[in-house]
Amino acid sequence: STYVDAIKRFDPATHGVLIIDSLSHAWAGKGGALEQVDKAAARSQSSNTFAAWREVTPMHNELVDTILSVPAHVIVTMRSKMDYILEPNEKGKLTPRKVGLAPIQREGLSYEFDIVGDMDNDNNLIISKTRASFLNREVINRPTSDLGVKILEWCGHVDPTVTDFELRALLKIAPAD
């Protein structure tokens, strides 16, 4: 896949951090897993999308394995969508109920990452899963490069005296407002 090829060309000695923006396209974008399933089903005599996953799942697993094998820190962004569940109403009919946001990507992918957060419309970063205890259940309004410094310190890969300007250059972050 294009993603796998690009990730394999990444040189951690030169860059140190790999940023994939947005991994959702590998799932739901042009040439993504969902489109590949549709094409595989169309090629089959049965047009069975369930069977088509036998062809696409190994490719998606290769992408995840490639990301996890990068010998550097990896930051992945994903688009999100409103997630719903169906539950019975007072008349016993199933009705949808909003249950929050879900990434546009294969279910369960977030378990592969050390820190998972969702950004809401008010620019709050809501940490939903983390191995970094200092981020447990945190809600960070308008995160700045200070958060990046803390995460890099947690990873053990940054001099705590690094300046905001140096960190922004390292991560290629635009200047603060």
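Structure values in brief
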{"item": "Amide H contacts of residue 73 (H built 1.01 Å from N, under 5 Å, at least 5 apart or other chain)", "result": "18"}
{"item": "Probe 1.4 Å, protein heavy atoms only - accessible area per residue of the chain in square angstrom", "result": "69 Å²"}
{"item": "Percent carbon-and-sulfur accessible area, the chain, ignoring ligands, DNA and RNA, probe 1.4 Å", "result": "52 percent"}
{"item": "Residue among 105, 45, 36 with the largest mean-square fluctuation in a Gaussian network model of the chain, springs linking Cα atoms under 10 Å", "result": "45"}
{"item": "Helix-only mean residue ellipticity at 222 nm for the chain, each DSSP H run of n ≥ 4 adding -39500 (n - 2.57), per residue, nearest 500", "result": "-11000 deg cm²/dmol"}
{"item": "log10 of Debye I(q)/I(0), alpha-carbon scatterers only, for the range 3-95 at 0.18 Å⁻¹", "result": "-0.90"}
{"item": "Label-to-label distance, nm, for residues given as residue 85 and residue 61 (7 Å Cα→Cβ offset)", "result": "2.9 nm"}
{"item": "Summed residue charge, Cβ within 14 Å of residue 67's Cβ, Lys/Arg positive, Asp/Glu negative", "result": "-3"}
{"item": "Residue 53-residue 4 pseudo-label distance in nm [points 7 Å out on the Cα-to-Cβ vector]", "result": "1.9 nm"}
{"item": "Aspartates and glutamates whose Cα lies under 14 Å from that of residue 30, excluding same-chain neighbours fewer than 8 positions away", "result": "38"}
{"item": "Aspartates and glutamates with Cα under 17 Å of residue 81, excluding same-chain neighbours fewer than 8 positions away", "result": "21, 107, 118, 120, 122"}
{"item": "Global geometry of the chain, whether rounded, prolate or oblate, following the gyration tensor of its Cα atoms and the 1.5 cut on a/c", "result": "oblate"}
{"item": "Rg/Rh for the range 46-98, where both radii come from Cα atoms and Rh is the Kirkwood radius", "result": "1.21"}
{"item": "Estimated FRET transfer efficiency when R0 is 41 angstrom, pair residue 21-residue 95 (beta carbons, to 0.05)", "result": "0.70"}
{"item": "Segment residue 139-residue 114, length gained on full extension (0.36 nm per residue, minus Cα span)", "result": "7.3 nm"}
{"item": "Top of 106, 97, 43 by mean-square fluctuation, Gaussian network on the chain, Cα under 10 Å", "result": "97"}
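The values are calculated or read from the model by the stated rules, or taken from the named source; none is laboratory data. Nothing here was measured: the structure is a model prediction, and the numbers come from that model. Backbone-built Cβ (ideal geometry, glycine too); neighbour counts: all protein chains shown. In case anyone asks, the SASA skips ligands and DNA or RNA and just uses the protein heavy atoms, side chains included. Shrake-Rupley method; radii C 1.70, N 1.55, O 1.52, S 1.80 Å.
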